[in-house]
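The values are calculated or read from the model by the stated rules, or taken from the named source; none is laboratory data. Since the model is a prediction, treat every value here as computed from it, not as a measurement. For neighbour counting, all protein chains shown are included, and Cβ atoms are generated from backbone atoms with ideal geometry for every residue, glycine included. Quick note on the areas: whole protein, heavy atoms, side chains included, nothing else; ligands and nucleic acids left out. Shrake-Rupley method; radii C 1.70, N 1.55, O 1.52, S 1.80 Å.
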Amino acid sequence: MAESMEGLKRTHRCGELTKANAGETVTVMGWVQKNRNKGGLVFVDVRDRSGIIQIVFEEGKSEESLLEKAGKLRSEYVVAVVGKVEERSGAVNANLKTGEIEIIPEELRILSESETPPFPVEENSKTKEEVRLKYRYLDLRRPDMQRNLLMRSQVATLTRQFLAEEGFLEIETPILIGSTPEGARDYLVPSRIHQGHFYALPQSPQLFKQLLMCSGCDRYFQLAKCFRDEDLRADRQPEFTQIDMELSFVDVEDVLDVNERLLAKIFKEVLGVEVTLPIPRMTWQEAMDRYGSDKPDIRFGMELTDVTETVKDCEFVVFKGAIENGGSVRGINAKGQGAMPRKKIDKLVEFAKGYGAKGLAYAAIQEDGTVKSSFGKFMKEEEMAALIKAMDGQNGDLLLFAADKNKVVWDVLGALRLELARQMELLDKSDYRFLWVTEFPLLEWSEEENRFVAMHHPFTMPMEEDLEYIDSDPGRVRAKAYDIVLNGTELGGGSVRIFNPDIQNKMFEVLGFTPERAEEQFGFLLTAFKYGVPPHAGLAYGLDRLIMLMAKEDSIRDVIAFPKVKDASDLMTEAPTKVDEGQLEELGLEIRAKE
């Protein structure tokens, strides 16, 4: 039978009590973690978001009715306990923040009873994720999940404080907006009043934050909810949160400076980690050439080596064919992996095929200097020696090569070096290595659409010195764009925006927009630009990804209170759900079964 908490007021959270409170009478409230009944002695662990405290009911010290009541407590009962803090009479529990103390109770109230939960509420749960997400409210009681939510709250609060001190205004932008077909798929919301018309949920506040710069707000930020109807991965969700900002009268250096100081503050105050400033920078081209990725993990080496020149005259048809087709041959050196069994190498070949490779050439240098190679018979002895030298191959190393168009080679070897690093246990989650990647290509060629598309978005400023190539060689034009990368994960990205109408019109032309289509999609922004637009630039971080890395989790689902699963559904509320005919009728919609 549930009791009232009338007349009681919580004085402390469970995990906040220390030896300094010994002798005090306190009131704690929380959930029963476990109950160990030894007859005349009952130990009850009570848990709240701050931690666990042990309550000791003992014959002779506690009234008989209290001892009897304590014996009936079950896991997840909600209780209030009034009692005196004492230093532990038994062994100290070094694994517990409150391990030196216990509470000797004077009063116990059962505020709420609980059925047996479907899984134990404990740290590092081994319960299947599907079950945890179905009962998410129980899952969130677990100490590791509570810590993640606390960390998220701390980061959000620090971000707000820091940006406010830097002169940023927190301004909310609309959630119901017009659809912009460029980019990922929009989530659409039907209008009841304007039947047949739809709002979209924002993929980002991009256009509105640029309009705020036109409005003279000067510096804007927002912890913005964004929505993308796209296929999900471990670090993607249909709804996610961005730390979004835009600044006026700035260039690249100003944006990078304020964000470096923000990151340094967050990591110092939340994790006690010093971020060395300035954060290193690398151009997009260098990142691709050295790591095969525009979000390189720089915690370990195993960099790509371009051996195209070294092998250009060899007779190995795979290398030869790639070079003749305008591609390249590149390799990575997995140090000390020369004795890798053939079966394991075959698995790496299959892995590479998943990233577009037709195969993977390898040369395993044995400890005695002999070479086992998949292509050795097509190479002269001096050609193989030159190749091994170019790769800095030593006895005991495994050399792996991809030969194809540059994009395929980068994709394959970029993914392969990460896979090898995982296998070789080179990835330390406590080693936080930041990197700015700069000078992205402005445009990339889309085979599907047979045209250039914006690598970021149509409002990204080209580098002034590359503007002369915009008509003759658009693929050569670099953008004033920058991404912040942490341990191989893109945390966020941004750019200097176009504020010159001639450059903006040229950009639309290169992207294949007619003036009518540009007006139809972005007319309100282009009109605003006619009334005096300041030079401006911005950046947005994925808050979820940032917390995932700070909390050393593998999935953003573990740092979002109520996430969706891979098919974008919610296992707890069972959303998305069907709606009744009346609601559809009001919206002028009907559901037609697919043929």
P(r) for segment 346-449: what percent of alpha-carbon pairs falls in each 5 Å bin, starting at zero? 2, 10, 16, 18, 18, 16, 10, 7, 3, 1, 0
Euclidean distance between Cα centres, segment 195-269 to segment 2-68, Å: 46
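What dipole magnitude, in Debye to the nearest 20, does segment 1-82 give about its Cα centre under +1 on Lys/Arg Cβ and -1 on Asp/Glu Cβ?
340
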Put +1 on the Cβ of each Lys and Arg and -1 on the Cβ of each Asp and Glu in segment 59-120; which of Ile104, Val79, Pro118 then has its Cα farthest toward the positive end of the dipole? Pro118
To the nearest 20 debye, the chain has a Cα-centred charge dipole, built from +1 on Lys and Arg Cβ and -1 on Asp and Glu Cβ, of 1600
For segment 10-54, average projected area of the Cα convex hull in nm²: 3.5
Pseudo-spin-label distance Glu68 to Asn325, built 7 Å along Cα→Cβ, given in nm, is 8.4
Which label in (1) 26.8; (2) 28.6; (3) 27.7 gives the computed Kirkwood radius over Cα pairs in Å: (2)
Note to self: C-alpha centroids of segment 422-467 and segment 295-358 sit apart, in Å, by 22
In Å², what does the accessible area per residue of segment 270-372 work out to with a 1.4 Å probe? 52
Dipole magnitude of segment 410-453, debye to nearest 20 (Cβ charges: Lys/Arg +1, Asp/Glu -1, about Cα centre): 220
Which stretch or stretches of segment 564-580 have amide N atoms under 18 Å from the point lying 7 Å from Glu130's Cα along the Cα→Cβ direction? 564-576
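What is the Å³ per residue value for the convex hull set by the Cα atoms of segment 94-222?
Considering the Cα atoms of segment 94-222, their hull volume per residue is 278 Å³.
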Picking from Asn148, Phe168, Gln203, whose Cα lies most toward the positive end of the charge dipole for segment 138-204 (charges on Cβ: Lys, Arg +1; Asp, Glu -1)? Asn148
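Of the accessible area of segment 331-413, with the probe set at 1.4 angstrom, what percent is carbon plus sulfur?
53
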Taking the chain as the reference, fit the longest principal axis to its C-alpha atoms, fit the long axis of helix 252-271 to the helix C-alpha atoms, and give the angle between the two in degrees, 0 to 90, nearest 10. 30
Residue-normalised 222 nm signal for the chain, counting each DSSP H run of n ≥ 4 as -39,500 (n - 2.57), nearest 500 deg cm²/dmol, is -8500 deg cm²/dmol
Just grab the label-to-label distance for Val317 and Lys265, each label 7 Å out from Cα along the Cβ direction, in nm (one decimal). 6.3
Degrees separating the helix 501-510 axis from the principal Cα axis of the chain, which is the longest one: 80
Would you work out the relative contact order for the chain, in percent, from Cα pairs under 8 angstrom that are 6 or more residues apart? 13
Work out, in µm²/s and without decimals, the Stokes-Einstein translational diffusion coefficient of segment 5-96 at 4 °C, 1.567 mPa s, Rh from Kirkwood over C-alpha pairs. 95
Counting other Cβ atoms within 10 Å, keep those with at most 12, restrict to DSSP loop, and tell me which trypsin sites (Lys or Arg not before Pro) in segment 136-220 are left. Arg192
